[in-house]
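A.B. asks: Have a look at this one before I ask anything.
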Amino acid sequence: MLTREDCVELDRQDDLSALRSEFHLPEGIIYLDGNSLGAMPKGAVQKLSRTIEEEWAKGLIKSWTDADWFTLPGRLGDRLGRLIGAGPGQTLVCDGTSINIYKALRAAMALRPDRSVIVSEKDSFPTDLYISEGAMSARGGMTRRLLGQDSDALEDLIDDQVAVVLLSNVDYRTGRMVDMAKVTKMAHDAGALVIWDLCHTAGIVPMELDAIEADFAVGCTYKYLSGGPGAPAFIYVATRHQDKAVQPLSGWWGHANPFAFDHKYSPASGIGRFLVGTQGILGLRGVEAALDFFDQVDLAKVREKSKAMGDLFIKLVEQHPDLASLELVSPREAEQRGSHVSLYFEDGYPVVRAMIEQGVIGDFREPGIMRFGFAPFYLRFVDLFDSVEVMADCMRRKVWTNSKYLVREAVT
Ligand SMILES: *Cc1c(COP(=O)(O)O)cnc(C)c1O
């Protein structure tokens with residue numbers, strides 16, 4: 001049996017424990033939702049205050065150049081690139097994930113004009129499905145094959161009709177991770193392109209987009225990356241595709257010469273053509289504050305701690321006599337998991353609500369999935385022990401019999 005003291009000892013031996021002091025964490029809260037909205041880096045306060053008080057209030061419009069606002073999407077993209085294995089000039093921080101999926105999807109479809117199939121997954125995060133519906137409607141004759149519906153094996157779905165494969169490398173519900181290198185190669189062997197949705201891995205799982213010859217990738221910066229609520233997303237386009245890629249949202253920021261105010265659109269060379277229009281500078285500064293933090297972080301070490309945390313959490317749940325009715329939905333093998341662990345319980349929603357009331361913040365996803373994310377930058381092993389005790393207390397109290405926990409919040 002693992003004890004609380006064992007967990008305290010793991011924290012004592014943890015190389016990354018000092019990183020916790022770089023985040024604002026409210027007293028009395030155990031935050032297991034950094035996979036949905038990362039905690040705030042302390043540096044964000046100063047960075048955003050300076051942007052507001054100096055650059056905006058005093059610099060006014062001059063700040064577009066004096067404070068280098070205009071070049072932020074590309075500069076931040078290059079810095080974020082280090083975390084996803086992307087060399088410079090291939091990543092932008094801009095727009096939202098859904099919008100970037102649309103841009104990447106339409107661009108990829110246009111690079112394979114003689115092919116008519118999109119491969120995606122039935123249980124993907126819904127926006128990926130909705131956006132691919134929208135992208136298909138923009139070009140006649142497209143069809144979609146879904147993993148988990150049309151077949152359980154990607155091999156069966158990918159053939160010479162497939163233009164593009166759109167997949168998440170970690171499933172937002174189960175936490176299951178797929179082998180990006182293997183899938184990318186499988187798609188390329190069939191002549192298809194791949195778009196990776198990295199929302200659940202950016203900043204937490206090391207990866208090498210250039211080395212695996214990825215085509216396109218997108219992801220958000222407000223989850224593990226801690227860029228702030230609704231912070232701008234990122235998009236990666238491999239250099240070899242950039243000058244052939246046609247971006248459907250042909251706005252003026254993607255123009256070769258925006259300040260020429262030409263009547264006709266002419267795309268910028270390189271990754272710049274994937275910009276659309278004016279970007280929210282405050283949001284970008286939040287991402288910059290997060291990258292200031294991530295610049296000092298060794299992702300390989302983060303991954304080790306993240307796997308250890310998932311393993312520990314599973315062990316603590318399974319050794320607890322009051323938690324026997326919970327079912328592990330995530331892979332038991334750490335190598336096959338992202339950084340969250342999901343447990344199925346029919347009345348999972350009221351249990352998550354009751355845990356939040358006791359200061360342990362996780363989240364809930366239909367159907368019956370209690371999801372607990374581990375952001376190793378600011379989470380301690382002992383927090384996992386304490387969370388499991390709170391969960392056990394909620395189960396013992398049968399909180400689902402109390403109607404106050406049943407009321408659904410607008411955001412779960
Ligand atoms: C969180 C998430 C998104 C979010 O998209 P937004 O446009 O930022 O709302 C998209 N895809 C996946 C897989 C996600 O987990």
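The values are calculated or read from the model by the stated rules, or taken from the named source; none is laboratory data. This one's a predicted model, so the numbers in the text were calculated from it and none came from an experiment. Quick reminder, even Gly has a Cβ in these numbers, built from the backbone with ideal geometry, and neighbours come from all protein chains shown. Surface accessibility is based on the protein's heavy atoms, side chains included, excluding ligands, DNA and RNA. Shrake-Rupley method; radii C 1.70, N 1.55, O 1.52, S 1.80 Å.
A.B. asks: On a 25 Å Cα-Cα criterion, which of the cross-link pairs Lys315/Lys404; Lys122/Lys244; Lys315/Lys398; Lys103/Lys185; Lys223/Lys398 come out too long?
C.D. replies: Long pairs (Cα-Cα over 25 Å): Lys315/Lys404; Lys122/Lys244; Lys223/Lys398.
A.B. asks: Once the convex hull of the C-alpha atoms of segment 1-137 is built, how many Å³ does it hold per residue, rounded to a whole number?
C.D. replies: Working: hull volume 31.1 nm³, N = 137.
Looking at segment 1-137, the number lands at 227 Å³ per residue.
A.B. asks: Right, another one. Taking only protein heavy atoms and a 1.4 Å probe, what accessible area per residue, in Å², does segment 120-213 have with all protein chains in place?
C.D. replies: So segment 120-213 comes to 41 Å² accessible per residue, rounded to a whole number.
A.B. asks: Same structure again: Of all alpha-carbon pairs in the chain, indicate the percentage at a distance above 41 angstrom.
C.D. replies: When all Cα pairs of the chain are counted, 18 percent exceed 41 Å.
A.B. asks: Which peptide among 259-271, 60-72, 91-103 comes first, and what is the full order, when sorted by highest mean count of other Cβ atoms within 10 Å?
C.D. replies: Order by mean packing, descending: 91-103, 60-72, 259-271.
A.B. asks: Give the distance, in whole Å, between the Cα centre of segment 322-338 and the Cα centre of segment 27-104.
C.D. replies: 33 Å
A.B. asks: Can you tell me, using C-alpha contacts under 8 Å and at least 6 residues apart, the relative contact order of segment 47-294 as a whole percent?
C.D. replies: 24 percent
A.B. asks: Also: For segment 236-283, take the alpha-carbon Rg, divide it by the Kirkwood Rh, and send me Rg/Rh.
C.D. replies: Rounded to two decimals, Rg over Rh is 0.99.
A.B. asks: Can I ask one more? Can you list the aspartates and glutamates whose alpha carbon is less than 17 Å from that of Lys58, not counting same-chain residues fewer than 8 positions off?
C.D. replies: Lys58 reaches Asp66, Asp68.
A.B. asks: Let me ask something additional. Any chance you could list P(r) for segment 263-318, counting all Cα-Cα pairs in 10 angstrom bins from zero, rounded to whole %?
C.D. replies: 17, 22, 24, 21, 11, 4, 1
A.B. asks: Per-residue counts of other Cβ atoms within 10 Å, averaged by peptide: what ranking do you get for 162-173, 359-370, highest first?
C.D. replies: 162-173, 359-370
A.B. asks: Treating the Cα atoms of segment 94-201 as identical point scatterers in vacuum, please give the log10 of the normalised Debye intensity I(q)/I(0) at q = 0.17, 0.18 Å⁻¹, two decimals.
C.D. replies: Values returned for q = 0.17, 0.18 Å⁻¹ are -0.73, -0.83.
A.B. asks: Moving on to the next point. With all pairs of different alpha carbon atoms counted, what Kirkwood hydrodynamic radius in Å does segment 348-400 show?
C.D. replies: Computed over Cα pairs of segment 348-400, the Kirkwood hydrodynamic radius comes out at 11.4 Å.
A.B. asks: Computing the accessible area with a 1.4 Å probe over protein heavy atoms, can you report the carbon and sulfur percentage for the chain?
C.D. replies: Numbers: 9400 of 17570 Å².
Percent of accessible area from carbon and sulfur atoms in the chain: 53.
A.B. asks: Here's something else I'd like to know. Taking H as built 1.01 Å from N, whose amide H comes closer than 5 Å to the amide H of Arg337, not counting residues under 5 places away?
C.D. replies: Excluding prolines and chain starts, which carry no amide H, the hits are Met177.
A.B. asks: Here is a follow-up. Expressed as a whole percent, how much of the Cα-Cα distance distribution for segment 240-378 exceeds 24 Å?
C.D. replies: Of the Cα pairs, 57 percent sit more than 24 Å apart.
A.B. asks: Sort 298-311, 225-238, 185-198 by packing, meaning the average of other beta carbons within 10 Å per residue, with the highest value first. Can you show the working numbers first?
C.D. replies: Details: 298-311: 18.5, 225-238: 25.2, 185-198: 21.0.
The peptides rank, most packed first, as 225-238, 185-198, 298-311.
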